[in-house]
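Q: I'd like to ask you about the structure that follows.
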C-alpha cells in the first residue's frame, strides 16, 4: 500500500512540473495571458515559438509515461499503474503550482496510452487524431480520438483497469476543455460557450481570433523575441 501511494504521489509530482509555462517564462511571457490561455504545448506554438513545441510536447508525453514506468518497475499491479497515469494528467490539467490552472492534458494522456495500451488504444488515437488534422478539424479529431481509445482498448482485449483508465483519461481531458483555466469572459458568457469549449476547445468558433488574443501582428506575445 505504501509503495502504491508513493508511486502515485511521484507520478502526480512529475505531472505537476509546468513545462510549457516554464518554457514561456524563459522567454519572458506567461502563456496563460496570451493566445488560448492554455498552459500547454499548443499555446507554446501559438504564443512563444513553433520550434519549442516538439520538445515541450515530448516532455509532457514523458510526464504521463514516467509515473507508470516507475510503478511497473516497482512491480505494482495494473490498477496502480493506471492511477499513476491519471494522477499525472490531473496534475497537468489542474496544476498546484499555477493556482490549479494548466494545460488540456493531451500530452500526458498520450504518455498514458503509450505505457499501457501501445498496440490498440494508442494507434486508434493516432489514426483518428491525424484524420482530424487532415480535415482541419483538430479539436474535434482529438476529442473523437480520446473517445476511440477505450473502445479500441476493449476491442484489443486490454485489462479492464486499462480500459477504464483510457475512459477516465478522455473524461479528464474533455472536462478540462469545459472548465478551461478561467470562466468565460463576459462577451463570451452565453449558453453556446460550453458547446464551443467541448467541440472546438475554445470559447468562440473563430479559431484565429481566439488563439491570437493579445498577440502582436507577427503572432508573438509582446516582448517575446522570435
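The values are calculated or read from the model by the stated rules, or taken from the named source; none is laboratory data. Here the structure is a predicted model, which means the values were calculated and not measured. Using ideal geometry, Cβ is built from the backbone for each residue, glycine included, and neighbour counts are taken over all protein chains shown.
Q: When only residues in the stretch 59-115 that are surrounded by fewer than 24 Cβ atoms within 10 Å (Cβ to Cβ) and touching a strand residue (DSSP E or B) at 6+ places or on another chain (Cβ under 9 Å) count, which is farthest from residue 176 (Cα to Cα)?
A: 95
Q: I'd like the residue in the stretch 203-224 that is surrounded by 13 or more Cβ atoms within 10 Å (Cβ to Cβ) and part of a helix (DSSP H, G or I) and, out of all such residues, is modelled with the lowest pLDDT.
A: My answer is 211.
Q: Oh, and also: Name the helices (runs of 4 or more DSSP H) wholly within the stretch 1-68 that hold at least 1 residues that are within 15 Å of residue 94 (Cα to Cα)?
A: Correct list: 2-15, 19-26.
Q: Across the stretch 125-141, what is the number of residues that are surrounded by fewer than 23 Cβ atoms within 10 Å (Cβ to Cβ), part of a helix (DSSP H, G or I) and under 18 Å from the mean Cα position of the chain (by Cα)?
A: Result for the stretch 125-141: 11.
Q: Also, I was wondering about something else. Would you confirm whether or not the stretch 104-115 contains a residue that is in contact (Cβ under 8 Å) with a residue 40 or more places away in the chain, over 15 Å from the mean Cα position of the chain (by Cα) and part of a helix (DSSP H, G or I)?
A: Looking for residues that are in contact (Cβ under 8 Å) with a residue 40 or more places away in the chain, over 15 Å from the mean Cα position of the chain (by Cα) and part of a helix (DSSP H, G or I), one finds at least one in the stretch 104-115, hence yes.
Q: Considering only residues that are in a helix (DSSP H, G or I) and buried (at least 19 other Cβ atoms within 10 Å of the Cβ), which ones fall in the stretch 175-192?
A: Passing the criteria: 176, 177.
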